[in-house]
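**Student:** Below is a structure I'd like to ask you about.
The values are calculated or read from the model by the stated rules, or taken from the named source; none is laboratory data. On a predicted model such as this, the values are computed, not experimentally measured, just so you know. A quick note on method: Cβ atoms are made from the backbone with ideal geometry, for glycine too, and the neighbour counts reach across all protein chains shown. When the accessible area is computed, the model is the full protein with side chains, heavy atoms only, and any ligands, DNA or RNA have been set aside. Shrake-Rupley method; radii C 1.70, N 1.55, O 1.52, S 1.80 Å.
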Number of protein chains: 2
Amino acid sequence: MTTARPAPVFTVPPEPAGTPDPLPEPDVADLRLETVLGALSDPLRLRIVRRLLLESEAFDHPCGWFGLDRPKSSLTHHFKALREAGVTRQRQYGLERRSQVRVADLEARFPGLLALVADWTPASG
Amino acid sequence: MTTARPAPVFTVPPEPAGTPDPLPEPDVADLRLETVLGALSDPLRLRIVRRLLLESEAFDHPCGWFGLDRPKSSLTHHFKALREAGVTRQRQYGLERRSQVRVADLEARFPGLLALVADWTPASG
DNA sequence: CGAGCTGTACGAGTTTGATCGTACTGCATG
DNA sequence: CATGCAGTACGATCAAACTCGTACAGCTCG
């Protein structure tokens with residue numbers, strides 16, 4: 001029995017109707033701790049996930065919403081890494097590809113992990 | 001807000017007197033989430049930490065105690081990575097160098113993380 | 001002291017991943 | 001249909017890390 005979860009208060013996506021299908025992603029049962037931890041062991045990706053957790057008043061967010069001064073190809077790389085590890089879900093909205101954290105899935109498999117990410121503070125600030 | 005944890009019952013080391021000084025390790029305040037997650041994003045190291053957490057009836061354990069069929073130099077590499085990330089503490093007992101998980105330090109900085117490691121199951125078994 | 005043991009140091013080979021430029025696809029809007 | 005935009009794909013480059021063999025250090029015990 002995994003420890004009973006106190007249900008952290010992250011912004012749970014309301015999932016409105018007429019939503020595009022998610023891009024390919026691992027199933028909840030296939031989430032691997034080592035893979036998820038590997039995806040989160042990068043400051044940039046940690047920053048992305050943390051911002052999604054803390055400032056995600058809307059449903060999900062396009063890549064440009066994060067103020068990351070990196071070339072687009074670098075961002076693609078990191079967002080893809082997060083999605084393939086199962087940390088985020090991405091949907092195509094016309095032009096944009098928006099991301100959200102798979103809060104329910106991650107809490108179910110690795111309870112408490114997202115709280116650590118939310119509490120994280122970058123090294124240079 | 002870190003979710004209030006139900007205080008997992010790991011074996012807390014009794015710290016007997018006359019213990020050798022620990023090898024160099026990062027201070028609790030210097031523990032970085034991304035570094036710790038990086039150290040734990042490896043199946044072999046995850047297995048090491050998990051065994052230390054679950055079967056650590058004694059105080060700490062030498063490298064040979066784990067049944068890892070890797071060359072010694074590889075094991076040195078991984079144990080050093082864990083210690084330098086702040087996950088484990090190592091002490092020199094005569095011939096042996098014994099390891100323990102820094103349970104109190106990790107729980108203080110990243111509450112709940114060790115519970116995830118304890119719940120982890122290797123991919124091939 | 002000399003043998004044997006635990007573990008390290010060092011270095012080479014290999015792999016993985018980060019970074020980023022350039023060229024491209026696909027949608028939208030006029 | 002032409003322009004512009006969000007994001008991808010591909011490939012090159014570079015840095016880090018894994019793996020492991022060999023040689024060595026340090027302790028212990030006969």
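**Student:** Full-extension gain between A:LEU44 and A:LEU23, please, as 0.36 nm times their residue separation minus the C-alpha to C-alpha distance.
**Tutor:** Extra length from A:LEU44 to A:LEU23 when fully extended: 5.4 nm.
**Student:** Shielding by partners for B:40-52, please: the mean number of other protein chain Cβ atoms within 10 Å of each residue's Cβ.
**Tutor:** For peptide B:40-52, the averaged partner shielding equals 2.
**Student:** Using a label point 7 Å beyond Cα on the Cα-Cβ vector, give me the inter-copy distances for B:PRO71 in nanometres, one decimal, shortest first.
**Tutor:** List, nearest first: 3.8 nm.
**Student:** At a probe of 1.4 Å, how much accessible area disappears from chains B and A on forming the pair, both sides counted, to the nearest 100 Å²?
**Tutor:** When B and A are taken together, about 2100 Å² of accessible area is lost.
**Student:** A further question follows. What do you get for Rg/Rh over segment B:86-125 if you use C-alpha atoms and the Kirkwood form of Rh?
**Tutor:** 1.11
**Student:** Roll a 1.4 Å probe over the protein chains and send me the accessible area per residue for segment A:33-119 in Å².
**Tutor:** Per-residue value: 41 Å².
**Student:** What is the average number of partner chain Cβ atoms found within 10 Å of a Cβ in B:90-99?
**Tutor:** For this peptide, the per-residue mean of nearby foreign Cβ atoms is 0.
**Student:** Ignoring solvent entirely, what values of log10 I(q)/I(0) come out of the Debye formula for segment A:33-119 at 0.15, 0.23, 0.26, 0.27 Å⁻¹ when each Cα is a single scatterer?
**Tutor:** Ignoring solvent entirely, the Cα scatterers give -0.50, -1.24, -1.60, -1.71.
**Student:** In straight Cα distance, which lysines are under 18 Å from B:LYS80, not counting same-chain residues fewer than 8 positions off?
**Tutor:** Excluding near neighbours in sequence, the set is B:LYS72.
**Student:** Any idea what the B:ALA108 label distances to the other copies are, label 7 Å down the Cα→Cβ vector, nm, shortest first?
**Tutor:** Nearest to farthest, the other copies are at 3.7 nm.
**Student:** Largest first, how would B:VAL117, B:VAL103 line up by accessible area (1.4 Å probe)?
**Tutor:** B:VAL103, B:VAL117
**Student:** Between A:LEU68 and A:ARG91, what's the calculated FRET efficiency when r is the beta-carbon distance and R0 is 25 Å? Round to 0.05.
**Tutor:** Given R0 = 25 Å and the Cβ-Cβ separation, E is 0.80.
**Student:** Here's something else I'd like to know. Cβ under 10 Å from B:PRO20's Cβ, B:PRO20 left aside: what net charge do those residues give with Lys, Arg +1 and Asp, Glu -1?
**Tutor:** +2
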